1. Which condition number in (1) touching a Leu at 6+ places or on another chain (Cβ under 8 Å); (2) in a helix (DSSP H, G or I) is the one that I137 fails?
2. Being in a loop (DSSP other than H, G, I, E, B) and touching a Gly at 6+ places or on another chain (Cβ under 6 Å) is the filter; apply it to segment 351-364 and report the residue that is farthest from A233 (Cα to Cα).
3. Just the residues that are out of contact with any strand residue (DSSP E or B) (no Cβ under 7 Å at 6 or more places or on another chain) and charged (D, E, K, R), please, taken from segment 338-386.
4. Collect the residues in segment 107-116 that are part of a loop (DSSP other than H, G, I, E, B) and within 24 Å of the chain's Cα centre (by Cα), keeping them in residue-number order.
5. Sort out for me the helices (runs of 4 or more DSSP H) sitting completely within segment 1-106 that have 2 or more residues that are in contact with a strand residue (DSSP E or B) (Cβ under 7 Å, 6 or more places away or on another chain).
6. Within segment 357-365, does at least one residue satisfy the condition of being touching an Asp or Glu at 6+ places or on another chain (Cβ under 7 Å), touching a residue at least 24 places away in the same chain (Cβ under 8 Å) and more than 24 Å from I411 (Cα to Cα)?
7. With F267, F263 as the choices, which residue is within 14 Å of the chain's Cα centre (by Cα) and surrounded by 24 or more Cβ atoms within 10 Å (Cβ to Cβ)?
8. Just to check your reading of the model, which residue among S66, S31, S27 is more than 20 Å from L287 (Cβ to Cβ), among the hydroxyl-bearing types (S, T, Y), surrounded by fewer than 17 Cβ atoms within 10 Å (Cβ to Cβ) and at pLDDT 95 or above?
Amino acid sequence: MHDVRTANWPQLLWSAKAARTEDPPISALMSMAMDDPAIINFAAGFVDPLTLPVDECLEIARRVLSDRQRGRMALQYDTTIGLKALREEALRHIESLEGMPASSMAVGPEHMVITNGSQQALYLIAEVLIDPGDIVIAANPSYFVYTGTLRSFGARVIAVPADNDGLDVDAAASALDRLDAQGLLNRVKFIYVNSYFDNPTGCTLSAERRRRLLEIVSRYARRQRILIVEDAAYRELRYDGDDLPSIKSMDRHNQLTVLTQTFSKPFAPGLKLGYTLMPADLAGAVLRQKGNHDFGTSALCQHMALEALRDGSYARHVHMLRREYRRKRDAMLAALKRHMPAGCRWTRPAGGLYVWLELPQTVNTSRAGGVFDSAVRRGVLYVPGECCFQPDESGHIPRHHMRLNFGQVDIDSIDEGVRRLSGVVGEALAACPQRAGSATS
């Protein structure tokens, strides 16, 4: 008898998309942190576990489920677009953030889609817009999970420089001009921008650049409708300065922009809810795909988010998070100033969860470099900056940066973690002293 347990089975025939899909770098880093709970983890973009709204969610769940009629609704399927009352409440929340009525942006609840985190919205947008060979413009460095998603769809991600004011919009304009001259403008689908306290650098797109970016895509709108996909996941985690209007708020016809926000970072990742405003035609295409994905987002989680917005617990939680994360941000910046060797530079974010550390070019921070392994041996973890970059025209990727997340690390461990990391960097610089003072922008 043939033993199926020992048979040499043929390899599965993967789809082209599956073959293009890479393992997200963060997955391996998260596994390393899970395997060693004692490690000081500056890598994973987790929120502070001690601040999660356990008591608030317990009370909300009791309130929702103690009403038997509402409890049945919360435990049933809802619509693909999302719970109407939540879409209306989330739209009022955006009106409050923008300081203007939704009508000024030509949007209503019908333009808002509730998804399983804002990541699903970003995925669905790519799914309905991208064919292999299509082009997306993004900052360099950028949110590497999403650029990986784009590559899995076969997109060509054209990276343009970024600085302390965010994506260089003039460089984006130049890229569009070049693509137009090459006859490739019709392949450009959207510009992706992390507009508030971005992942990975913590920098924010300036008000002037927001207006300018919308002007740039408007210039091409009659020939090629290029969208701006504005990822505002960290918008409400602001510690200094005034809030800036979204690019979406400047698009008075709701034709050129998408604004995606989330409950994950400012409230609770476990609810896994994002909410996105988009043009009507894009919403229709996205909903057709989402209906094939999951029929709609968890109704129970939507009812809980709705109650959090209504009863004030969401607003109170955001206020508390700003206070706690500001303390952590300040602790990390102070520790970097105290311990990091000369020749190193870092961003000073006004919000979000990340500090971007730039070292002299002789220090290789990649997974293949000795610095990473030395840091792990010393009990500290970071995201290698190479994960966040797209290659330039010559194929070069910088390998002398680190992304540091201060969000989930206990505040009393931040100084020790930076001290350990600084020791590793100091050793690497000592091994190449001839260029120890050089750090580039």
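The values are calculated or read from the model by the stated rules, or taken from the named source; none is laboratory data. Keep in mind that what you see is a predicted model, and the values were worked out from it rather than measured. Here the Cβ is made from the backbone with ideal geometry for all residues, glycine too, and neighbour counts use every protein chain on show.
1. Here I137 meets the rest and fails (2).
2. The selected residue is P360.
3. Scanning segment 338-386 gives R338, R348, D373, R377, R378, E386.
4. V107, N116
5. 25-35, 84-98
6. There is no residue in segment 357-365 that is touching an Asp or Glu at 6+ places or on another chain (Cβ under 7 Å), touching a residue at least 24 places away in the same chain (Cβ under 8 Å) and more than 24 Å from I411 (Cα to Cα).
7. Sole residue among the options that is within 14 Å of the chain's Cα centre (by Cα) and surrounded by 24 or more Cβ atoms within 10 Å (Cβ to Cβ): F263.
8. On inspection, the qualifying residue turns out to be S66.
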